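A short worksheet on the structure shown next.
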Amino acid sequence: MPSTALPKPAIELRGVSRRFTDPGGHVVGLRPTSLIVPEGQIHGIIGFSGAGKSTLLRLVNLLERPDAGEVIVHGDNLTRLSPAGLRRARHRIGMIFQHFNLLHNQTVADNVALPMRIAGADPARIRERVAACLDFVGLSAKADAYPGRLSGGQKQRVAIARALAPEPHVLLADEPTSALDPRTTLDLLDVLADANRRFGVTILLVSHEMEVIRRLCQRVSVMEAGHIVEQLDIAGGQIPAGSRLASWLADYGSVGPAASPSPVGAPASVPHHHFALEAAHA
């Protein structure tokens, strides 16, 4: 029988760790942790506040440098690259932040163009990519507007367009919907799912909102106390019975047999709640 080749890893973390000392003198951070995300997958990271989710995400593009271990993205071992090599590798890793991180004294088009200008791209190519990415997120008419005139959902769409402009292999999303209302959240998830389908970009997404993870991700890693304690396939939004995540939901959220969410891209009602692990654990 012909063998089915497994997708190549887009992201591979090998025994990475990162420790900090908090203001109270406690050592916190990420314990030695490994993770493989295949090319083209949308992979979620979920856990309580302080579990190490954002630290893990920032290790993928070395915004945080690990104390130990290796970070490999699209075949490049980032931990072994020279500073110039790392800068080049980062051009293929897009990032979406919780609070948008837009430059408010720059137009929407200039914000989207920024990573390509930093990379020294050809001006004609920059104009082409800015126009294409703003069209993709539905904001072509806002190219000359300033971020202060945009809604929260529009700002995050600009951030997505900016992350996609350099044509990244990998997209990192750190709580991209936490500042948005439920209806806008659903719209943004549609945009991310469409980016994955159309461009084949691998997405690693951190969220404490279970509804976001269910609707968007094919696989989820559950973090606790600084390392990954469970990895689950959740295609179709189903949480496997008997898993640690199902137990958390039963203890802290209105899980029960949660209604199956509509597939991203299909008409859907706004969810009545977003199961937030942080809020439940407060």
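All of the numbers you see were taken from the coordinates with simple rules; none came from a lab. Everything numeric in this text was worked out from a predicted model, so none of it was measured. We place every Cβ from the backbone using ideal geometry, glycine too, and count neighbours over all the protein chains shown.
Quick one: is G94 closer than 17 Å to D174 by Cα, more than 17 Å from the chain's Cα centre (by Cα) and small (G, A, S)?
no
Looking at the stretch 217-255 only, could you name the residues that are under 18 Å from I36 (Cα atoms) and in a helix (DSSP H, G or I)?
A235
So in the stretch 178-220, with the set limited to residues that are buried (at least 22 other Cβ atoms within 10 Å of the Cβ) and small (G, A, S), which one is farthest from V16 (Cα to Cα)?
A195
What do you reckon, is V229 within 14 Å of the chain's Cα centre (by Cα) and in contact (Cβ under 8 Å) with a residue 12 or more places away in the chain?
Working: within 14 Å of the chain's Cα centre (by Cα): no; in contact (Cβ under 8 Å) with a residue 12 or more places away in the chain: yes.
No, not satisfied.
Scan the stretch 178-202 residue by residue and report those that are assigned to a helix (DSSP H, G or I) and either charged (D, E, K, R) or touching an Asp or Glu at 6+ places or on another chain (Cβ under 7 Å) (or both).
Once the filter is applied, which keeps residues that are assigned to a helix (DSSP H, G or I) and either charged (D, E, K, R) or touching an Asp or Glu at 6+ places or on another chain (Cβ under 7 Å) (or both), the stretch 178-202 yields R183, D187, D190, D194, R197, R198.
Could you please find all residues in the stretch 51-69 being part of a loop (DSSP other than H, G, I, E, B) and surrounded by fewer than 17 Cβ atoms within 10 Å (Cβ to Cβ)? Write out each step before concluding.
Within the stretch 51-69, the first condition is being part of a loop (DSSP other than H, G, I, E, B), and the residues that meet it are 51-52, 61-67.
Those that are part of a loop (DSSP other than H, G, I, E, B) and surrounded by fewer than 17 Cβ atoms within 10 Å (Cβ to Cβ): L63, R65, D67.
Pick out the one residue from G120, G85 that is part of a helix (DSSP H, G or I) and without any contact (Cβ under 8 Å) to a residue 24 or more places away in the chain.
G85
Looking only at the stretch 131-171, which residues are assigned to a helix (DSSP H, G or I) and of a type in the set (A, V, I, L, M, F, W, C)?
Correct list: A131, A132, C133, L134, F136, A141, V158, A159, I160, A161, A163, L164.
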